[in-house]
Structure formats: C-alpha cells, structure tokens
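Read the structure below first, then the notes.
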Amino acid sequence: MLATLADKIILWMPPKLLSRVYRIIPRPLLFWKRDESFRHIVRYVYKKSKFYRRRFDEFKIDPSKVRKPSDLGDFYTTPQDIIDHAEEFLCRAPHMVFESSGTTGRNKRIYMTQDELDDVGKLNATGFYLWGLNENDRLVNAFDFCIWIPGIITHKGLEKARMFGLAAGKVDPMEVYKRIPQYKFNVIMGEPTWLIKLTEIAEKHGAYPLKLIVGGAEGMPDAARPWMEKVWPGVKVLMSYTGVEAGGVMACELSSNCNGYHIDENDFMVEIVNPDADGYGEVAFTTLDRRTMPLIRYRNRDVTKIIEERCPACGVPHRRLAKLRGRTDEIVVSAGGNVYPLMFENILKDVEGITSDWHVVIKLRGMKEVMEFNLELHEGHIKENIQERIFENIRSRYPDIWKNFSIAIFEMEFVYHSPGSLRAGARKLLRLADKRYAK
C-alpha cells in the first residue's frame, strides 16, 4: 500500500530533514496520504480489535466500503468507551499504559508499544526543528511524568533530536530557575501554570536570556504570553495541543503569529462534530499510525474549529485548529489538574460544619489561577478547622492537586455563605464553574 510505504519513508527520515519536508509538502499529497491512512486503519481495527468489530457490526458498517469519515455515519468513540472497554480496543500486545482522569473520576487507559513511543519521540523531535531549535540548544522538560504522557513523550523527543536536556518533571519551579545558569538552558517546556510560576520567580529575582518557552496540556491566559516575553529577554512563547488519548502532539503553534495550532495531518485525521454557524464544534480525531490501541473518530470534548486557510505567518501547509472555546463535558483542565464535580464531592463529603450544598469556581486573579470554594457554614463552626480538614482530604485523596498547590502553581480561597443561600430557589445547583475566560 502506497500510504504504508510513505509512512516507512517518513520514519526513515531524520527529524531535521522531516521538518523541512513538513514545511514544503504540497497539500494534495498531504491530504492524499492522510485519507489513504484513514481507510487503512479502519480496515485494520475491524480485523484486530474486539471493540471495533462489535461496534462496526452494530452500526452495519462494511470497512471495505469506507473511504472517508462520513462513511462511518454516526459512529464515534468516546471517553466513556475507553473507561469501560479499554482492553477491547487492543489490536496487539502493549508495552506501556498511560492514564488520564475522566469526568467520573474513573481513569481512561491508553496502551502503546515501545516502538510507537519511539515514533512519537521522532515526531516531537521534528517539532523541535520546526520551532527553529538545533543541536546547540539546551532544554528543560518540566512536564509531569506522573502516570500520564506529556513528560515521557517530550523526553523521547529530546532523545531523538540528540539535544541536551534535563528531565525535571513537575518540580518546584525554583529548582529549575536555579539550574538555568548552571547548565545554560535556553528552552523550557511545561504546563502554562507552572511556567507562570517560574516567570514570577524570574521577575522577582532576575531573568536569564531564553530562546523558547513551550506550554501544553492546559490553556494559557491571554495576558501571560506578552508578560513572559517581557520578563525573559529574547524569548518566544508557543503552545502545543495534545492529550493522553492522542498519544502525542496533535497540533502546535509554529510562530507567535500563527493564530492557531497546526494539525499533524500525517498522524491524525481531525474533524469537527456538529459545527455551529461559525464552524465551532467538538473535536473528533482518528489516530492514523497507532497500531496497538488506535482511536477512530474519538470525541475528546474540546470545542474549536478548523482554519482552512494556509497560515500567513509560517507558510506551513497543515491546517490549523483555532483557540479552544471550552469543553462539552464537566471536566475543567486547570492548574490543579483535571478537576470534576465528583472529585469535590470526595473532598467535602466528610467535612463537619458545612451543608451538602457547595459551588467551586475556577477563576483568574491576574495570571494566577484560583480555586474558590463556596461553602455553606453551620453556626458555631470554626472556618480554620474546616479549611484544615479540606486541605488534609486533598493531600490524602488527590496528591497531584496538593503537589501543584504546595508549590504555588495555583491558589485556593474559601468563601462562606449562610445555609440554603447557594441554591437560592434553583432546582439544580451548579457544582463546578470555569470563569477563567468569561467575557
């Protein structure tokens, strides 16, 4: 198959050469390879996966007749499918598993083989060159290595690019700040809230010259970029778009003027489900090159649109995803991690002195995220005791959130109300609200 041969040629190319190809490949050739790979993966999963064979039969889908995503009709896969049936997706024996929390608190599991991780690393290394990096640059990888995927795939990129780096993980930003002059680091990658904390330290104690800051795994406040570029001399701040389910970087900015994330259309077929009049709808993607646990038309709950026009800033032919408008489910991707109503139920359920009604707001104070607990306080109870018990519950039940709070990635606030006032006549109380980017 020609698309399979094209994949082999791509994987044979060194990352620096591949980055050049990505900049000049004609769109018709790029889309032809993507479409051929889509047809191949649909046939492959029907032969190899118990889940897809059962679901295609239920939808009366003949894989041999599928040529484009719309030929699958109303068939999609969802986070709940992965939560309930992850092992049934498997098409071959895996070597590693990564996890990501769902809105119910049950973990989504993504399986990969070592060769797939190596391939992702090579593509990430290609991205480094597309960002203008070279073998003389020195990188800090401050993405978290804890259970989920950003830390290790960034590290794999460093391996394949043969660049000098530090696998820092999500440590206290001060630990990285102290090492920047020691190792002459000029590129730093991490989650935006962590990068904001690092920049606060640099603003207070003095900044070093940097070439590039790359954020990912969560949103970046609009005001953060120009502020970071002002604090760090000569730096360019870019964002990537990924997730555990994607198994790699699905899209990224290649310049600060791209006005969107360039889609890796060699490895992903991206669609927008139920777009509105402006083209905004839910992202559904198909992994084109994964063979262990491929995802077909996976609805990841993010809301955005595809920008078809060729990018005037960098000229790369790959289409772009616009800045995300939000999510279709209840999960909030915050500085504390992925938070959801059941999480706060577990944190608050045995705290004495408050009613069963509560409301949590994720908001911004300047560029710092704040997790605001709105609680109804019974008379005679001490606020400080309530807060200490909540802290203890977070520390013991959700250590990742506590770690982020303890190193000042975000703040917590407690606002107390009289019993019955939060619901205020409403039949249903909104448990969790994301007001960071509310107009």
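Relative to the longest principal axis of the chain, what angle (0 to 90°, nearest 10) does the C-alpha long axis of helix 27-48 take?
The helix 27-48 is inclined about 80 degrees to the chain.
At q = 0.17, 0.21, 0.27 Å⁻¹, what is the log10 ratio I(q)/I(0) for segment 376-439, with the Debye formula run over Cα points and no solvent?
So the normalised log intensities are -0.87, -1.11, -1.17.
Per residue, how many Å² of accessible area does the chain show with a 1.4 Å probe?
Accessible surface, normalised per residue, equals 44 Å².
Would you grab the residues whose amide H sits under 5 Å from the one on Ser334? Only those 5+ places off in sequence or on another chain, please, with H modelled 1.01 Å from N.
Long-range HN contacts for Ser334: Val339.
Output wanted: per-residue J couplings in Hz (rounded whole) for segment 235-247, from phi through Karplus 6.51 cos²θ - 1.76 cosθ + 1.60, θ = phi - 60°, x for Gly and Pro.
7, 10, 10, 10, 10, 10, 10, 7, x, 4, 5, 5, x
What part of the accessible area of segment 305-402, given as a whole %, is carbon or sulfur when the probe is 1.4 angstrom?
48 percent
What list of whole percents do you get for P(r) of segment 13-66, with Cα-Cα distances grouped in 10 Å bins up to the one holding the largest distance?
Pairs per bin, as whole percents: 21, 34, 22, 20, 3.
Let me test this: with uniform point scatterers at the alpha carbons of the chain, what is the Debye-based log₁₀ I(q)/I(0) at q = 0.13 1/Å?
-1.22
Based on alpha-carbon positions alone, could you give the equivalent ellipsoid semi-axes of segment 226-320 from the gyration tensor, as √(5λ), descending, whole Å?
After diagonalising the Cα gyration tensor, the semi-axes are 25, 17, 13 Å.
Two decimals is fine: what's Rg over Rh for segment 13-145, C-alpha atoms, Kirkwood radius as Rh?
Ratio of gyration radius to Kirkwood radius for segment 13-145: 1.03.
Could you list log10 I(q)/I(0) for segment 315-439 at q = 0.11, 0.16, 0.20 Å⁻¹, which the Debye formula gives when each Cα is one point scatterer?
-0.42, -0.83, -1.24
Could you pull out which residues in segment 286-315 have an amide N less than 11 Å from a spot 7 Å beyond the Cα of Leu90, following the Cα-Cβ vector?
293
Pulled fully out, how much extra length does the chain show between Lys323 and Asn346, if you take 0.36 nm times their separation in residues and subtract their Cα-Cα distance?
5.0 nm
Considering only protein heavy atoms, with the full assembly of protein chains and a 1.4 angstrom probe, order His359, His318 by accessible area, largest first. Provide the component values of the computation, followed by the final result.
Numbers: His359 30, His318 5 Å².
Ranked list, largest accessible area first: His359, His318.
PRE reach from Glu159 (point 7 Å along Cα→Cβ): which of segment 81-102 fall under 17 Å by backbone N?
94-98
Filter the GluC sites (Glu not before Pro) in segment 349-439 down to the DSSP loop ones having no more than 16 other Cβ atoms within 10 Å, then list what survives.
Loop-located and lightly packed - Glu352, Glu379.
When the convex hull of the Cα atoms of segment 134-248 is projected onto a plane and the area is averaged over all directions, what value comes out in nm²?
Numbers: hull surface 26.6 nm².
Projected over every direction and averaged, the Cα hull of segment 134-248 covers 6.7 nm².
Please give the helix 15-24 orientation as an angle from the longest Cα principal axis of the chain, in degrees from 0 to 90, rounded to the nearest 10.
80 degrees
Testing the spin-label approximation: label points 7 Å from Cα along Cα→Cβ at Ile25 and Tyr416. State their distance in nm.
Reported label-point gap for Ile25 and Tyr416 is 6.0 nm.
If I compute solvent accessible area with a 1.4 Å probe over the protein chains, what percent of it on segment 97-181 is carbon and sulfur?
So the carbon and sulfur contribution to the accessible surface is 50 percent.
Please list, in chain and number order, the residues 5+ apart from Asn374 or on another chain whose amide H is under 5 Å from its amide H, with Hs placed from the backbone.
Residues meeting the amide H criterion: His359, Val360, Val361, Val415.
Could you work out the relative contact order of the chain, using alpha carbon pairs under 8 angstrom and six or more residues apart, expressed as a whole percent?
In percent, rounded to a whole number, it is 13.
Suppose only helical runs count, i.e. DSSP H with n ≥ 4. What mean residue ellipticity at 222 nm does that imply for the chain under -39500 (n - 2.57) per run, divided by all residues and rounded to the nearest 500 deg cm²/dmol?
-10500 deg cm²/dmol
The values are calculated or read from the model by the stated rules, or taken from the named source; none is laboratory data. Just so it is clear, the model here is predicted, and its values are computed rather than measured. Note that we place each Cβ from the backbone using ideal geometry, even for glycine, and neighbour counts take in every protein chain shown. The accessibility values were calculated without ligands, DNA or RNA, using every heavy atom of the protein model including side chains. Shrake-Rupley method; radii C 1.70, N 1.55, O 1.52, S 1.80 Å.
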